[in-house]
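A.B. asks: Sharing a structure with you now.
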Amino acid sequence: MARETELKFLLRDDSWRMTATNPVRIIQTYLNPDPEATVRLRIAGDMAFLTVKSPNRGSERGEWEYEIPMNDAREMMAECTTTPVIDKTRWHDGRWEIDEYHGCLEGLVVAEIELHSPDEEISLPLYIGREVTGNPAYYNSTLALTGAIPT
């Protein structure tokens, strides 16, 4: 089984913009938004993916991701989705991924880092704020369902 260990944080300020590179526009929706077995459909730039995720256990969960044909992704988005589309730009700052949301989630910016192991120690960039790892309000599936920035 593929496992991911990921930490998620809100940001203190916009200083990440000075070092972030390689923006990729992402649109994603969910075929199943249930956190017990999330099924995500994502178009990232010129690639498309179908991803299945198991429930979070702290900062860890199972993840299986498969590249799919772009036409299939577009057809599934049109015919099979159960949530509105999330629109965001993903930026990179070293190992950090910074998601800047658009549309009804405009103003939300979240940084994530995937750890090599659950006990890996990392240093936090100065722009990193409050940790929201494991907070269901910040799961993308929840954001898609609510269409609102958590308070």
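The values are calculated or read from the model by the stated rules, or taken from the named source; none is laboratory data. Keep in mind that what you see is a predicted model, and the values were worked out from it rather than measured. We place every Cβ from the backbone using ideal geometry, glycine too, and count neighbours over all the protein chains shown. What goes into the accessible areas is simple: the full protein's heavy atoms, side chains included, and nothing from ligands, DNA or RNA. Shrake-Rupley method; radii C 1.70, N 1.55, O 1.52, S 1.80 Å.
A.B. asks: I want to confirm something. Restricting to region 98-151 and keeping residues that are among the aromatic types (F, W, Y) and part of a loop (DSSP other than H, G, I, E, B), which single residue is nearest to W16 (Cα to Cα)?
C.D. replies: This residue is Y127.
A.B. asks: Against the condition over 30 Å from S15 (Cα atoms) and in contact with a Pro (Cβ under 9 Å, 6 or more places away or on another chain), how does T82 come out, does it pass?
C.D. replies: In short, yes.
A.B. asks: While we're looking at this one, here's another question. Under 8 Å between Cβ atoms, at least 6 apart or on separate chains: pull out the pairs that start in region 118-134 with a residue that is of a type in the set (F, W, Y) and end on any residue that is open to solvent by 90 Å² or more (accessible area, probe 1.4 Å).
C.D. replies: Note: pairs meeting the criteria are Y127/R12; Y127/D14.
A.B. asks: Next question, about the same structure. Testing Q28 on (1) open to solvent by 30 Å² or more (accessible area, probe 1.4 Å); (2) within 25 Å of I149 (Cβ to Cβ); (3) not charged (D, E, K, R), one condition comes back false. Which one is that?
C.D. replies: Exception for Q28: condition (1).
A.B. asks: For region 94-119, which residues satisfy the criterion of being buried (at least 16 other Cβ atoms within 10 Å of the Cβ) and of a type in the set (D, E, K, R)?
C.D. replies: E97, D99, E100, E112
A.B. asks: For region 43-90, how many residues are farther than 20 Å from V24 by Cβ, open to solvent by less than 50 Å² (accessible area, probe 1.4 Å), assigned to a strand (DSSP E or B) and of a type outside the set (D, E, K, R)?
C.D. replies: Number satisfying all stated conditions: 1.
A.B. asks: Any residue that is within 18 Å of I27 (Cβ to Cβ), of a type outside the set (G, A, S) and more than 15 Å from the chain's Cα centre (by Cα) - is there at least one of those in region 116-138?
C.D. replies: no
A.B. asks: Could you tell me whether region 7-14 includes any residue that is open to solvent by less than 40 Å² (accessible area, probe 1.4 Å), touching a residue at least 24 places away in the same chain (Cβ under 8 Å), more than 22 Å from E131 (Cα to Cα) and in a strand (DSSP E or B)?
C.D. replies: So far as region 7-14 goes, no, none of its residues is open to solvent by less than 40 Å² (accessible area, probe 1.4 Å), touching a residue at least 24 places away in the same chain (Cβ under 8 Å), more than 22 Å from E131 (Cα to Cα) and in a strand (DSSP E or B).
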